[in-house]
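Heads up: the structure comes next, in C-alpha cells.
The values are calculated or read from the model by the stated rules, or taken from the named source; none is laboratory data. Note that the coordinates shown come from a computational prediction; the quantities given were computed from them, not determined experimentally. All Cβ positions, glycine included, derive from the backbone under ideal geometry; neighbour counts span all protein chains shown. Just the protein is used for accessible areas: all its heavy atoms, side chains included, with ligands, DNA and RNA removed. Shrake-Rupley method; radii C 1.70, N 1.55, O 1.52, S 1.80 Å.
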Amino acid sequence: MTKTQATRDLERAIWQYTHASGKQIYGAFEVTVGYIAFRRDGYDRADYVTMATDGTIRAYELKTSVSDFHSPAILSWIGHYNYLVLTDAVYREVKEELPMNVGVLVADEAGNIRSEYKSGYHQHSIGECTEIMESMLKAAARDAAKYYMLVVH
C-alpha cells in the first residue's frame, strides 16, 4: 500500500520530535507485535514505536484524516506510554472524542509537534517488553532491507 504525502509528513514529524532531545531513542515504523502478549486473535500493529535506553517503550498511532481516526482499525496501545499523533486539522475535529489515558501530540503544517495531553503509564511484563523489542527489531530490519534495495541496487 502506498502512503499518502500526509502520512509521510506526519511520520517525519514524529521521528524528528522523538529524536529532538538528543537522548538515545530507537524507533521503528509499522511495528507488528505477534501472537503472544496482546491479542488472542492475532497481532497488533502500531504505526511507530520507540524505546529509550532505560527500556521505556512508547507507541504512536498516526491519524491524518477524520475518516482515518474513525476507521474500524484497532488502535494498538502496546507501549508503557501511548500516543495519538494528529494533524492540527484532525485534532480540531475530533478533540471531544479522544480516548482517556492516551497522550495526544498535534503536528502543525510546518511539522512542529506540540503535546496536548500526556499519556498515562501502562505496566508490561518482561515477556511483553521482550516481544515488543523483538517486533521493533524485525520492523527496523525490514526497513533497512527496503533502503538497501532502493539505494544500493
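A protection proxy built from the mean count of other Cβ atoms within 10 Å ranks the segments 19-27, 46-54, most packed first, as 46-54, 19-27. Per-residue 3J(HN,Hα) values for region 78-84, derived from phi via the Karplus relation 6.51 cos²θ - 1.76 cosθ + 1.60 with θ = phi - 60°, read 9, x, 5, 10, 10, 9, 8 Hz in sequence order (x marks Gly and Pro).
Positive-end ranking of GLY103, ALA13, TYR121 along the dipole of the chain, with charges on Cβ about the Cα centre, is headed by ALA13. For region 93-153, the Kirkwood hydrodynamic radius comes to 15.2 Å, computed from all pairs of different C-alpha atoms. Each residue of region 121-126 is assigned a 3J(HN,Hα), and the resulting list reads 8, 10, 6, 10, 6, 4 Hz, derived from the Karplus form 6.51 cos²θ - 1.76 cosθ + 1.60 (θ = phi - 60°), x at Gly and Pro.
Computed on region 28-153, with alpha-carbon pairs under 8 angstrom and 6+ residues apart, the relative contact order is 24 percent. With the full set of protein chains in place, find how many percent of the accessible area of the chain is carbon and sulfur; take the probe as 1.4 Å. About 55 percent, which is the carbon plus sulfur part of the accessible surface. With N counted as the residues of region 39-144, its alpha-carbon radius of gyration over 2.2 N^0.38 Å works out to 1.10. Amide H to amide H distances under 5 Å link GLU116 with VAL104, LEU105, VAL106, where only residues 5 or more positions off or on other chains count and H is placed in the peptide plane. Using the Cβ-Cβ distance between GLU93 and SER21 with R0 set to 25 Å, the FRET efficiency works out to roughly 0.25. In this structure, the pairs whose alpha-carbon distance is over 24 Å, taken from LYS95/LYS138; LYS3/LYS118; LYS3/LYS138; LYS23/LYS146; LYS95/LYS146; LYS63/LYS118, are LYS95/LYS138; LYS3/LYS118; LYS23/LYS146; LYS95/LYS146.
For all pairs of alpha-carbon atoms in region 1-99, what percent lies in each bin of width 10 Å, listed from the first bin to the last filled one? Spelled out per bin, shortest first, that is 14, 46, 33, 7.
Taking R0 as 35 Å, what FRET efficiency do you get between MET100 and ALA145 from their Cβ-Cβ distance, rounded to the nearest 0.05? Between MET100 and ALA145 the formula returns 0.35.
Phi angles across region 18-34 convert, under the Karplus curve 6.51 cos²θ - 1.76 cosθ + 1.60 with θ = phi - 60°, into 3J(HN,Hα) values of 6, 9, 5, 6, x, 6, 6, 10, 10, x, 8, 9, 6, 8, 9, 9, x Hz, Gly and Pro given as x. In the elastic network of the chain, a GNM with C-alpha springs shorter than 10 Å, the most mobile of ILE14, ILE126, ILE78 is ILE126.
When the helix-only estimate is applied to the chain (DSSP H runs of n ≥ 4, each -39,500 (n - 2.57), divided by the residue count), what is the mean residue ellipticity at 222 nm, nearest 500 deg cm²/dmol? Let's see the in-between values first.
Values: 4 runs with 52 residues, N = 153.
One gets -11000 deg cm²/dmol as the mean residue ellipticity at 222 nm.
Restricting to Cα pairs below 8 Å that are 6+ residues apart, what does the relative contact order work out to for region 89-153? Please round to a whole percent.
Numbers: 30 pairs, mean separation 12.8, N = 65.
With pairs under 8 Å counted, the relative contact order is 20 percent.
About its Cα centre, the chain has a charge dipole of approximately 280 debye under the convention of +1 per Lys or Arg Cβ and -1 per Asp or Glu Cβ, with nothing else charged.
Counting only other residues whose beta carbon sits under 14 Å from that of MET136, what net charge do I get with K and R as +1, D and E as -1?
Details: positive: ARG45, ARG58, LYS138, ARG142; negative: GLU30, ASP44, ASP47, GLU128, GLU131, GLU134, ASP143.
Combined, the nearby Lys, Arg, Asp and Glu give -3.
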